[in-house]
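Scroll down for the structure; my scribbles are underneath it.
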Amino acid sequence: MNPDVFDIERTGGRAHLGFSTGMHICAGRFFARHIISRTIAKLSERATHNRFVPGANDFSHTHNLLASGYRELVIEFDALPRPIP
């Protein structure tokens, strides 16, 4: 293993748990959480009548070491018109 050399065909990367806990925890995790929460808040201000797209969701779950939840949720909504400044 040579960590200073970029090898596009390197194997064994899936066994690494970087960006999770301990000394390898992601330094930008709080910024990412903030951006995601602000984005969802702004979208929810402008979207009305949220609904699941009929037939597009199987509601299957995913599980990993950090979280579990739905693999995918497909929704649609009616957007409010943007106010003119």
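Each reported figure results from applying straightforward, stated rules to the coordinates on display, with no laboratory input. This is a predicted model, so every value here is computed, not measured. Positions of Cβ are backbone-derived with ideal geometry, glycine not excepted, and every protein chain shown enters the neighbour counts.
Maximal additional length on extending the Phe77-Arg46 stretch stands at 10.2 nm, based on 0.36 nm per residue less the C-alpha distance.
Rounded to the nearest 0.05, the FRET efficiency derived from the C-beta distance between Arg33 and Ile8 at R0 = 41 Å is 0.85.
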